[in-house]
Structures are given as structure tokens and as C-alpha cells.
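The values are calculated or read from the model by the stated rules, or taken from the named source; none is laboratory data. As the structure is a computational prediction, the values presented were derived from the model and not from experiment. Neighbour counts are summed over all protein chains in view; Cβ atoms, including those assigned to glycine, are modelled from backbone coordinates with ideal geometry. Quick note on the areas: whole protein, heavy atoms, side chains included, nothing else; ligands and nucleic acids left out. Shrake-Rupley method; radii C 1.70, N 1.55, O 1.52, S 1.80 Å.
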Amino acid sequence: MAAISQHDYGLLFLNLINILPLSTMLSKPTFFAFIIVAFEALFILQQWRHTIFHFLLLSYFFFAIKTYFLKSKQPRPVYLVDFSCYKPPSKCKVPFSSFIHHASMIEAFDTESVEFMAKTLVSSGLSQETYLPPALHCIPPKTHDRESINEAQMVLFPVMDELLSKTKLSPHDIDILIVNCSGFCPSPSLSSIIINKYSMKSDIKSYNLSGMGCSAGTIGVDLAQNLLKTHENKTAIVLSTEILSTGWYSGIEKPKLILNCVFRMGGAGILLSNKKQAENTSKYKLIHSLRTQRAYDDTAYYAVYREEDSRGILGVTFNKDLLQAVSETLRSHITLLGSQILPFTEQFFHVISILRKKLIDKSAEIYTPRFKTVVQHFCLPSSGKPLIREVAKGLNLNGRNIEPALMTLHRFGNQSSSSWWYELGYMEGKWRVKKGDKIWVLGLGTGIKCCSLVLECLRPIVEDDKESPWSCCIQQYPIQV
């Protein structure tokens, strides 16, 4: 076989230079194929019969094509660019004394009902500075459709305005809109109300989630993530709230009166994107999500249930086996999530403890994996002190871990699907979130449904957010509750 001369290498280099401009006109796979064909033709014309050249060239070709297609099939990362939380006006504050005084003036409540609500308020973990919408400050409360729409506009419009202002976007930049509200589902929908208000583009993909309880906020983000995985170069907004005027209960059944006492005004907007430039401007990256539910089980299904009382008045019943249903739902959910994010050692100890309990010692305790080995911050359901402490017990969390949930409950009450973003705002306000930290957002809702999001902080969160609902009171916390 003839040796390869320096002249041959020169010809090879010149031919390669001549075809490089084609890279701007052809797709990458086509350009790769063209390069290979050009090299093969050159080898033949130059009478290079070294088998090793042909073998290496073809191997590189197949490797490059395989790598390209595998990479192209992977969806782009989904980023949480920023979020905003609603702070109600001071005129909507409802101290305990005002709440009880107004309740005693409403004919629908008897003395026993008012006393029950007073006791519930005192033990709820709420402060004197939570908020109710204007319609519920009236005597009797106004619960018709027009007032509910006014409340939705009062909460969602400022949240949307602040989010667009923070991210320097216009309504026409939004490709996907998801609005969730469990108890109020008007027609046209809440998402249509937003689109109409902001004159958003005609091809926007809009969704309206209802009846999904407190977990709807995390479910909305999970839905946005799935949509962004199938639609490239898009931006999505998720708006979460609960309309209280439509959920007010004017009856005397105690399990239904709990909602009046602990649910308060709130709303949040979350902007997500899979655009490449979002990596440089986003606060967080969404790295894991998981949804499970136990609606197939009657105990879980009826744990929180909307129904009419004996007098035909609609309300939400919180049954006494709620905590048991939550515990069972969390157990299976945490096992699945742990298999995705926990290190091997934690998973190993957990499996061994289960086998030991089943096969050797039935009285032995099952090892609780330490999620704190991979997660630094926790956004827990702030539905009430008992639920927060039950979740903390199941996850082996300490007082600092559950502090954001307890402080959010104290300052703003149970804000249903938007409460997690107030908790994240609390942690940002305390400058606790560092670059690389993981945040576990755990959503629980009726059904019972469970949805987890795991976020990774992309940059230090140290700027003061003047628009945050925590800006004027963050220095007062934490407090003993």
C-alpha cells in the first residue's frame, strides 16, 4: 500500500475547507453525512486503502449521529424564572374580635357555632392580621357570583401585573396560561378573564383547574412543566388562588365551620420557561416532579368533602380521619419520591428496615429516609398546625425546617394552593436560599392528592423584594406559635 504523503494531507485539508460553508445551509445530521461522504470519496480518489481509516471514519459517523439524536430527544430544562405573591390591602384585615363580632351578628349562626369558631381561631395558629375579602366583611356575607368574580380580579390582576413587571415581559410574550381555583369555576373561566383583561394572543394555550384542593398550585406547575417539555422555546404562567366568598359556610355543622376560621385571602403567580436564555435570568430550575393520589380509597376520598348539610347549605366537611388519610398518602408518595432523589445508602437502609419488619421483627420501626441529605428547604402544606407537625414528624424535620410553613400560617392563614410561594418568599426574605440549594415543595389536596416539586436554586437570592408581602414584617419573624 502506498504511504500517505504530506501532499495528500494538504489536499484533504483544502477539500475540508471548501465544504465548511455548507454547515450554515444544512441541518447537522445532513452536514455530518456530507462530511463522511466527502472524506470517503477523497480516500478513494487518493487511493488510500488503509482499512483502519474507513473503519474509524464510519465509527465516528455513527457515534456522532447517535449522540445528536439522543441529545435532540431530551427536552430542554424547565426554569422557574420568578414568582409573585399577593398582599391584600389593610382594610381587609380581620382580627379575631372583629371576626367573632361579625359572626355573632349573622342570623345563620347560633351561639354554639360562634363559640366553636372562636375556639378554633384561638388554637389555629393564625395571627390577628390575616385577611378576608370585602364580600365577607358584609353582614350577612355576600356570596353570589358577582362578588366572587370581583374577588378573583382583586387578587389575580395585581399578581399578574407584578409578575410581568418583575420579568420585564408583556402579555403577548406568554404562550401558556394555567389558572387554578378549587371552589369557584365561572363561565367564561378564570383563565378567560385573564386573557380578556390583558388582551393576550389568540393562540395562547389556556387551562383552568378546579376542584383539586390545596394541591392545585403544585399540580398547575407540574402541568406547565409537561407542556413545556413538548413545546420548545415557550413561556408559561401559573396563577394560583382560592376564592373565599364562594366557599363561605353559613350553617351550624362544626366540621364545615372550620373552613370559615382558617382559610384566608392569597394568590400567587409563577413564571416558567424552557428558553435557553432563561438559564441566566431564572431563580430556580425544576429538577423533579411527582404526582400521586388515593382517591380510590374511601377514607381518603371523603377526608375533605364538599357537600350540603341537613338544611341544604353547601359547605366543606373536614372529617376526623383526615390526618390518618394524609399520613397514608404521604407514606406511599415519599417512597416513590425517595427512589428518585435520595442517595443509595438512604434507600438501602429504608428497604432493609421494611424487610426486617416483615420477616424478622414485626415490632421494629421502619427507617425514615433523611431527605435533608439532598434537600435543604421545605415548603409544606400550611393547612393548620396539626397537619404541619404531622408532616414534619413523618419526614423527621426540625423546627427550622417547618418554620416557613408555621410563619406563613401565622401571618397569612391557610391560603390553599398559593401558600407554598409565600413560604418560599419567607425563605428568600430571610436570605436562606443559596446557589445550589434544593427546595422541596410538597402539595396536598382533596382526594387525597399529593404533588411534589423539587427546585434547584440557580443563583443567590439576596435582593430585597419591595413588592413581597413579607417586606414590611419579615424582621418580626420567627415567633413562637
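A few points about this structure:
- When we screen Ser245, Ser282, Ser250 for residues that are assigned by the TED database to the domain that holds Ser191, open to solvent by 10 Å² or more (accessible area, probe 1.4 Å) and over 14 Å from the mean Cα position of the chain (by Cα), the only hit is Ser250.
- Residue match in segment 297-320 (condition: of a type in the set (Val, Ile, Thr), under 22 Å from the mean Cα position of the chain (by Cα), under 30 Å from Val78 (Cα atoms) and surrounded by 16 or more Cβ atoms within 10 Å (Cβ to Cβ)): no
- In segment 211-240, the residue that is modelled with the lowest pLDDT out of those that are hydroxyl-bearing (Ser, Thr, Tyr) and touching a Cys at 6+ places or on another chain (Cβ under 6 Å) is Ser215.
- Among the candidates Leu406, Leu337, Leu330, Leu359, residue that is surrounded by 15 or more Cβ atoms within 10 Å (Cβ to Cβ) and more than 30 Å from Asn260 (Cβ to Cβ): Leu337
- Selection within segment 304-350 - in a helix (DSSP H, G or I) and closer than 20 Å to Ile439 by Cβ: Leu330, His333, Ile334, Leu336, Leu337, Gly338, Ser339, Gln340, Ile341, Glu346
- Residue match in segment 197-204 (condition: aliphatic (A, V, I, L, M), more than 29 Å from Trp440 (Cβ to Cβ) and open to solvent by 30 Å² or more (accessible area, probe 1.4 Å)): no
- Residue check, Ser182 surrounded by fewer than 19 Cβ atoms within 10 Å (Cβ to Cβ) and in the same structural domain as Lys234 (by the TED database): no
- Leading residue by the ranking (surrounded by the fewest Cβ atoms within 10 Å (Cβ to Cβ)) among those in segment 429-448 that are among the basic types (Lys, Arg) and not in a strand (DSSP E or B): Lys435
- Summed over segment 277-293, residues that are assigned to a helix (DSSP H, G or I) and within 19 Å of Ala216 (Cβ to Cβ) total 0.
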